[in-house]
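Beneath this line is the structure, given in structure tokens, with notes to follow.
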């Protein structure tokens, strides 16, 4: 096996910059990055131990009582405990690539040793089935997450190898992958199955990119192409278990995006995390194989999601019942599911879409997720979390240190730990800048290294200074994302204004020139406070307004306003001010302005009255949505009344 990632191909497709080539020396992402490294990664290992997750790796001991009981679906959270080890190792490894930590490496090596010890001779590796049901392995791909867990372990193994050069975990997982290849496919004697919870597809493509072995790409392609074919593999599998397919608890295979072949799917349906993991894998395949049929399907799915199913915060999946989608425009606020994992996965997908076709439609959603719907899933202290991310609360939502199903903590950790890779991508002839923040990066374009340094207080400030320092003068195109929310952008190069119209395509301004050391680009992305209104069919938000400034969505909390935010009423005519507060949870821009509050005085114990309630003058303060529920308990609201 090769020890290095395959060289970038000389074509128009973008390749992300290695996250470790982007350093955060100050600014917004430094604070979050440092918190994940210093607090989140160590405490998550502690939680895995305290919650008896690590006990499932005691392969030589008889299995004890379940830490998570079997649910009505027949699934225990314990079926996929292995996935949490994989995601934790992946997040930790991203941080190790910045700075080695012997204690964290020792903990990872301990998990790897136990996984290797438990692995079966044929390569199979799943702690649940090896310890509890060895006779039932590969008999229920519809429900029990076998390859989902293997996929996350594989992603963790790849990240750990790339961070440390240690091959042990990678070799364990390659043996597991070889077993998968021997077991599943169209060839005679193989099973025509695929895991109902997508993930292995993403991991296999990562392994292909690491090794250059075409068989891994082929296997990922098989799993994607086989999905939704008829007759359904899940029907045959259920009958082989002695069950009736019609008794499936989720009723339809749309829950797992297996109701029709992927190229025929035009509407986003089912479980939100599964869907976006699948779309990420499809995008990777389209990227590697130039498959326009996949691209066409993905475009339709993206348009459907963003025009009919997306919360203003970047959350997706409105229903707890299926952890996913219901009908179009069904976007309830207080009962919004909007799972953290789903927003993270949406970030994975949209950034991949931008790699196959540079278009700010995709990276605008990536940015929305990064600053709102995903980031709200982790507390400012780095060790408390949200699984659901509602847009309204009466104070009942509080952050927890661990969850019954703790898939989200490790997912948001690996997203933040690798956020550097989402900032830049390259081809042989251009560098694309997708996200803005204070950072320094080393980017290779063609065969030349270019040093980039962003100086900015983004997302709180509108000005970004980008210093471009190639080793020597070199010609390339610098593609700057012009956010869709920005109405009056401007760009200068060495003080000379760039006319953006002629050089901007699909939301990226491409400045092609010979760049010399010390060249300076300045972007102005004015970010006045904007009022957003929902489509009339999103009836929950009729007569309501959401506030957004730049990429940041805002909410009002009871702790700042002294009353339940549901009583506040804004006027469409009143000005709203923005001020930076250094004392607010590490520093953030807040919004404030005049309002009215609905007064409950004079009702004398009545529940109903012929007279409408009085409205009295008031003021309001709104804070970034991602910071809510970090202080005193109380109500919260994104969509405020307006009249």
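Taking every C-alpha pair closer than 8 Å and separated by at least 6 residues, the mean separation divided by the residue count of the chain gives a relative contact order of 13 percent.
Once you order the gyration tensor axes a ≥ b ≥ c over the Cα atoms, which shape class does the range 147-276 get: rounded for a/c under 1.5, otherwise prolate or oblate by comparing a/b with b/c? Display every interim value, and only then the final one.
Values: a/c = 2.07, a/b = 1.75, b/c = 1.18.
Cα axes put the range 147-276 in the prolate bin.
In the chain, the DSSP beta bridges split such that about 90 percent are antiparallel, to the nearest 5.
Take the Cα pairs of the range 537-616, get the Kirkwood Rh, then feed it into Stokes-Einstein at 4 °C and 1.567 mPa s and tell me D in µm²/s.
Numbers: Rh = 15.2 Å.
For the chosen part, D equals 85 µm²/s.
Sorting 240-249, 442-451 by their mean Cβ neighbour count within 10 Å, with the most densely packed peptide first, gives 442-451, 240-249.
With viscosity 1.567 mPa s and temperature 4 °C, the Kirkwood radius over alpha carbon pairs of the range 254-422 converts through Stokes-Einstein to a diffusion coefficient of 81 µm²/s. When only Cα pairs below 8 angstrom with a gap of at least 6 residues are kept, the range 530-642 shows a relative contact order of 37 percent. Judged by the mean number of other Cβ atoms found within 10 Å, the most tightly packed of the peptides 518-531, 366-379 leads the ranking 366-379, 518-531.
Kindly provide log₁₀ I(q)/I(0) values, in the same order as q = 0.12, 0.14, 0.20, 0.23 Å⁻¹, from the Debye equation applied to equal alpha-carbon scatterers of the range 89-220. Log10 I(q)/I(0), no solvent term: -0.46, -0.62, -1.20, -1.48. Sorted on the mean count of surrounding Cβ atoms within 10 Å across their residues, most packed first, peptides 301-314, 348-361 read 348-361, 301-314. The distance linking the range 419-449 with the range 252-279 is 32 Å (Cα centroid to Cα centroid, whole angstrom).
Using the beta-carbon distance between residue 61 and residue 633 and R0 = 60 Å, what value does 1/(1 + (r/R0)^6) give for FRET efficiency, to the nearest 0.05? Don't skip to the answer; put the middle values down first.
Working: r = 42 Å, r/R0 = 0.70.
Using R0 = 60 Å, I get an efficiency of 0.90.
Size descriptors for the range 492-643, from the alpha-carbon set: Rg then Dmax equal 21.2, 76 Å. Based on Cα contacts under 8 Å between residues 6+ apart, the range 254-422 shows a relative contact order of 20 percent. For the pair the range 211-226 and the range 558-632, the centres of their Cα atoms are 53 angstrom apart.
Over the range 456-547, the hull volume per residue, using the convex hull of the C-alpha atoms, is 124 Å³.
FYI, it's all coordinate maths here, none of it is from the lab. Treat the numbers as computed from the prediction; the structure is a model and nothing was measured. With ideal geometry, Cβ positions are generated from the backbone for all residues, glycine too; neighbour counts draw on all protein chains shown.
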